[in-house]
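These notes are about the structure you will find just below.
Bear in mind that the values in this text are calculations on the coordinates, not laboratory data. Fair warning: this is a prediction, and the values are worked out from it, not measured in the lab. With ideal geometry, Cβ positions are generated from the backbone for all residues, glycine too; neighbour counts draw on all protein chains shown.
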Amino acid sequence: MTLAKEIKPKKCKAPGCGKHFKATMTTQKVCSVDCARAIAKCPKLQKVAARAIAQQNRTDAKARREKLKTRREHVAEAQTAFNAYIRERDAGLPCISCDSLPSDHDLITGSRWDAGHYRSVGACPELRFEPLNVHRQCVKCNRNLSGNAVEYRIRLVKRIGAEAVEFLEGPHQPRKYTIEDLQAIKALYRQMLKDLRRTAA
């Protein structure tokens, strides 16, 4: 028969005690109920507890805010994460529609780049989060020239190939994104953006 391993005596952690005792559990830190009450009043431990409570309150508040978000807000957050990934993925590449680089623009347009959709969200919402359909595009082409679609297509064929462009231009199954879908898309592209930046560093 194997004898149970004897638990070694511990030193009580309560302020002003320090007595050695035999713990009945491996997690036991104090020798008595009175010492347990005393350690609960310890300023250092109270600070630790306060930090833990504050962290839990922040987590709970975040969860409450998440529950109150509308579907529109979830769509916007997913789109923001996706667009940030596209701009980072295409960093260093010229505008998909005009081949311009940041140095080619004046101060009004040169400091900003969009993630421009080849097939717009309005025309084909199913391709809203399709990376082949979205590329880094200067503000002038995307906003002022409504996407500059003819030039976009010419350069898109060169960048991803005619077959991929034909796929984008073909029919697609309608898709209704659930809130869970949108949360997953946001998380995915945030992580992909982090991975890209880590690789580039």
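Computed about the Cα centre, the dipole magnitude for the chain is approximately 2060 debye when only Lys and Arg (+1) and Asp and Glu (-1) carry charge, each at its Cβ. Sequence gap at least 6, Cα distance under 8 Å: using those rules, report the relative contact order of the chain to the nearest whole percent. The value is 19 percent. Each 5 Å bin from zero up to the one holding the largest Cα-Cα distance in segment 98-201 carries the following percent of pairs: 2, 11, 17, 20, 19, 19, 10, 3, 0.
Packing-wise, with mean Cβ within 10 Å as the measure, how do 66-75, 149-158 rank, highest first?
149-158, 66-75
Phi angles across segment 134-146 convert, under the Karplus curve 6.51 cos²θ - 1.76 cosθ + 1.60 with θ = phi - 60°, into 3J(HN,Hα) values of 10, 9, 4, 9, 5, 4, 4, 5, 6, 9, 6, 10, 6 Hz, Gly and Pro given as x.
Here the simple spin-label model places points 7 Å from the Cα toward Cβ, and for residue 143 and residue 61 these points are separated by 3.3 nm. Only one residue of 15, 191, 78 has its Cα farthest out toward the positive end of the dipole of the chain, where Lys and Arg carry +1 and Asp and Glu -1 on Cβ, and that residue is 15. For residue 84 and residue 179, FRET efficiency with R0 = 25 Å and r from the beta-carbon atoms, rounded to 0.05? So, using R0 = 25 Å, E works out to roughly 0.80.
Spin-label pair residue 76-residue 188: with each label point 7 Å from Cα along the Cα-Cβ axis, the two points sit 2.3 nm from one another. Only helices enter this figure: runs of n ≥ 4 DSSP H residues, each worth -39500 (n - 2.57), summed and divided by the residues of the chain, yield -16000 deg cm²/dmol at 222 nm to the nearest 500. Near residue 143: Cβ cut-off under 10 Å, other residues only, Lys/Arg at +1 and Asp/Glu at -1. The net charge is +1.
Remark: segment 120-126, residue by residue, has Karplus-estimated 3J(HN,Hα) of 5, 4, x, 7, 8, x, 5 Hz, where x stands for each Gly or Pro and the curve is 6.51 cos²θ - 1.76 cosθ + 1.60 at θ = phi - 60°.
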